[in-house]
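Structure record follows, encoded as structure tokens.
The values are calculated or read from the model by the stated rules, or taken from the named source; none is laboratory data. Note that the structure is a prediction, hence the values are computed from the model and not measured. Neighbour counts are summed over all protein chains in view; Cβ atoms, including those assigned to glycine, are modelled from backbone coordinates with ideal geometry.
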Amino acid sequence: MNIQDTVAFVTGANGGIGRALVAELLRRGAAKVYAAGRSHEQLAQLVAEGGGKVVPVLLDLTDPAQIEAAARTASDVQLLVNNAGVCEMTGVLSEGADAAARREMEVNYFAPLALSRAFLPVLKRANEATVINILSFLSLVTMPKMGTYSASKSAALALTRSLRAELADQSIAVVASMPVQVDTAMGAWSSDAKVTPAEVATETLDALAEGLDDVFPGEPTKGPAAMFASDPKGLQAYISTVLP
């Protein structure tokens with residue numbers, strides 16, 4: 001898919017990866033970007049920087065009615081980017097795990113599911129359309145320190161694969177982007193090398209242009225991705241040592 005002259009809808013647009021995605025979409029010639037988020041002030045900054053091509057959308061992803069309304073408002077979208085996410089840094093046996101898991105599943109799984117369903121009629125009207133799900137390398141392996149988050153991202157990967165299968169005959173591509181820790185507020189807990197938001201945006205949109213299904217953006221992701229391909233059990237055993 002060529003970004004030139006396309007219309008995109010990006011959730012979590014006020015966060016680090018979201019802002020980078022909006023900027024990269026505009027750099028590649030997107031005609032319009034609907035920037036969805038919960039902070040009016042941060043969205044206003046995106047609009048100010050967007051050269052008249054950014055449309056702010058205040059959106060609570062836990063509210064189905066707001067999701068349906070967003071799809072009606074953005075009725076010209078060809079590219080849906082499910083980027084918003086939360087991480088509670090909770091092990092599955094930690095105190096408060098139930099509440100953390102429910103919040104993560106609401107934002108990381110149920111919201112992309114609801115958005116994909118709500119925008120499907122819009123995407124079907126386009127000659128060419130794509131859904132991009134910004135996931136995590138923890139969609140593939142589980143880190144006990146972030147056990148509930150890993151579970152929500154695994155669910156989101158299963159959703160991505162199901163969408164890809166069900167939409168295969170409708171000219172709607174589905175792309176999964178799975179970086180390791182990213183240099184954002186969510187990734188501040190880790191002292192390891194991090195992927196930059198710009199790398200996530202650039203390599204994800206490169207994958208879209210190249211017709212790839214899955215992308216592992218950023219140099220810090222390449223090694224773990226190669227190890228997962230060759231020895232998934234070994235990689236999981238190593239990551240399992242990162243306890244709450």
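Among the residues of region 44-59, just one is exposed (fewer than 15 other Cβ atoms within 10 Å of the Cβ) and closer than 12 Å to residue 11 by Cα, namely 58. All conditions in (1) closer than 15 Å to residue 9 by Cβ; (2) hydroxyl-bearing (Ser, Thr, Tyr); (3) part of a loop (DSSP other than H, G, I, E, B) hold for residue 94, with the sole exception of (1). Of all residues in region 22-52, those satisfying the criterion of being within 19 Å of residue 202 (Cα to Cα) and not in a helix (DSSP H, G or I) are 28, 29, 30, 31, 32, 33, 34, 35, 50.
Residue check: residue 202 meets all listed conditions (1) at pLDDT 95 or above; (2) over 22 Å from residue 80 (Cα atoms) but one, namely (2). Taking the stated definitions as given, is residue 65 surrounded by fewer than 23 Cβ atoms within 10 Å (Cβ to Cβ) and in a helix (DSSP H, G or I)? Against the criterion (surrounded by fewer than 23 Cβ atoms within 10 Å (Cβ to Cβ) and in a helix (DSSP H, G or I)), residue 65 qualifies. Residue 100: part of a loop (DSSP other than H, G, I, E, B), touching a Ser or Thr at 6+ places or on another chain (Cβ under 6 Å) and either of a type in the set (Gly, Ala, Ser) or surrounded by fewer than 18 Cβ atoms within 10 Å (Cβ to Cβ) (or both), yes or no? In short, no.
One residue stands out in region 115-148 among those that are closer than 17 Å to residue 165 by Cα and among the small types (Gly, Ala, Ser): the one that is farthest from the chain's Cα centre (by Cα), namely 129.
The condition of being in contact with a Ser or Thr (Cβ under 8 Å, 6 or more places away or on another chain), surrounded by fewer than 18 Cβ atoms within 10 Å (Cβ to Cβ), of a type in the set (S, T, N, Q) and not in a helix (DSSP H, G or I) holds for only one of 127, 133, that being 127. Is it the case, given these coordinates, that residue 157 is surrounded by fewer than 21 Cβ atoms within 10 Å (Cβ to Cβ), of a type outside the set (D, E, K, R), out of contact with any helix residue (DSSP H, G or I) (no Cβ under 7 Å at 6 or more places or on another chain) and in a helix (DSSP H, G or I)? So residue 157 fails the test. For region 1-19, taking the residues that are surrounded by fewer than 23 Cβ atoms within 10 Å (Cβ to Cβ) and hydrophobic (A, V, I, L, M, F, W, C), the one that is nearest to residue 174 (Cα to Cα) is identified as 1.
Between 150, 162, which is part of a helix (DSSP H, G or I), closer than 21 Å to residue 109 by Cα and in contact with a Ser or Thr (Cβ under 9 Å, 6 or more places away or on another chain)?
Testing whether each residue is part of a helix (DSSP H, G or I), closer than 21 Å to residue 109 by Cα and in contact with a Ser or Thr (Cβ under 9 Å, 6 or more places away or on another chain) leaves just 150.
Residue 109: under 25 Å from residue 127 (Cα atoms), at pLDDT 95 or above, of a type in the set (Phe, Trp, Tyr) and under 16 Å from the mean Cα position of the chain (by Cα), yes or no? Against the criterion (under 25 Å from residue 127 (Cα atoms), at pLDDT 95 or above, of a type in the set (Phe, Trp, Tyr) and under 16 Å from the mean Cα position of the chain (by Cα)), residue 109 does not qualify. Of all residues in region 26-66, those that are in contact (Cβ under 8 Å) with a residue 24 or more places away in the chain and either closer than 18 Å to residue 130 by Cα or of a type in the set (Lys, Arg) (or both) total 12.
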